[in-house]
Amino acid sequence: MIYYTGFGIENRQTAGAKAPSDILHFCKQRHYQFIGVKRPPKKLPRPLQLVWKYCFSMKYWNNVLHTLEKGDTFIYQHPLYVSRTLPKFIDKLKAKGIKLIVLIHDLETLRMGIEGAVNVNETANNMIEGTMLKNFDVVICHNQKMKAYLIGQGYTPEQLVDLQIFDYITDCKFVHSDVKSASPTIAIAGNLLKTKCGYIYHIHDKGHNPGLVVNLYGMNFDSDAKDSNLVYNGSFPAAELPEKLDCDFGLVWDGISAETCAGHVGEYLKYNNPHKTSLYLSSGIPVIVWNQAAIADFVTKNKVGITVGSLYDAEAAIQAVSAEEYKQMCANARKLAERLRTGYFFYKALDSGLHEKNQLDCESDV
């Protein structure tokens, strides 16, 4: 029997909720058994929330331990707050003969939080990611760069599976044509918080990208920004957002600088698969990404976008793409979208782990 966990299907307007919810959907499609994690009551003050989380976590793992039998498999999504108490149970789960598979959504030992949004707890991060996750039989990580990092941290190559890219469920129609706009346009979707995405507000600094129109979608946009080429389009549920995007390229960037991806969240792009990449590609839109980002290898290999070293080069890079090249990028993105919408990459990585062939990296054949 195969079991899986998570918070349950959510319709929040954040990418953070979308990716785990999609995994739950894919597991449900295969009729795996769900053992859900509850969110703490919102009305509880923070100290009591921590107590509530601890008590629920202890009950949760006791339930998992007594529900699963020898030979069963448990699919865990990291991070979840119940991981804090998992070290008390992991040896018992292993001794019982339960196969443990973890899908990594984020590694906080690499990301180190998001200023103004996600706090850092280095002690907990090191305990969970540096020690406990090594006990899992299969670790599904984002890409080859993250895999290399984890091997350097003491994980074995045999337990690691390369996801390649996150899938993205949507039934939205493709609204973007395969003809570039007369004036280049890019989409930026996600958390528009200045401390995380300060680059947004500097794309047109010092006369750079004078004809580039930037369409923004998400929460925390600074409405005081004095830039007529920044067009704020509002915030939408993640499953509906693909139908709102109609730009030449979707931008994958992070940090406070437009000159390069800077700071913790910028450096994190060297290792992670940003979920917004999947959002754009599932919408049939090619992407423009930082040339040092881990996902740049996937984008280049599958010919679904372009890379730049600085956002100040974005407009020129888009203009350099010929009409025929752009048409092919759009065709490749739509072909890839069909896979992203149906869980192709998750299923392929999971099946590799389930059948103990995870030493073989999954390869894209888009």
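Readers should treat all values here as calculations from the given coordinates under stated rules, not as data from a laboratory. This one's a predicted model, so the numbers in the text were calculated from it and none came from an experiment. As a convention, Cβ positions derive from the backbone with ideal geometry for all residues, glycine included, and neighbour counts pool all protein chains shown.
Data for the structure
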quantity	calculated
Lysine pairs meeting the criterion (Cα under 20 Å, 8 or more apart or interchain), as found in region 185-340	19
Loop-resident sites, region 1-102, for trypsin sites (Lys or Arg not before Pro), counting at most 10 other Cβ within 10 Å (DSSP)	42, 43, 70
Computed log₁₀ I(q)/I(0) - Debye formula, equal Cα scatterers, no solvent, region 51-92, q 0.27, 0.30 Å⁻¹	-1.07, -1.23
P(r) tail fraction, region 200-332 - alpha-carbon pairs more than 25 Å apart, %	22 percent
Surface/4 estimate of mean projected area, convex hull on alpha-carbon atoms of the chain, nm²	17.7 nm²
DSSP-assigned coil residues among trypsin sites (Lys or Arg not before Pro) in region 256-357, each with at most 13 further Cβ atoms within 10 Å	357
Karplus-derived 3J(HN,Hα), 6.51/-1.76/1.60, for each residue of region 174-184, Hz, glycine and proline x	6, 9, 9, 7, 9, 10, 5, 5, 4, 10, x
Amide H partners (placed H, <5 Å) of residue 250, local residues excluded	187, 287, 288
Beta bridges per DSSP with both ends in the chain, % antiparallel, nearest 5	5 percent
For residue 260, net neighbour charge (Lys/Arg +1, Asp/Glu -1) across residues whose Cβ lies under 12 Å away	-3
Counted charge near residue 167, where neighbours are those whose Cβ lies closer than 12 Å (Asp, Glu -1; Lys, Arg +1)	+2
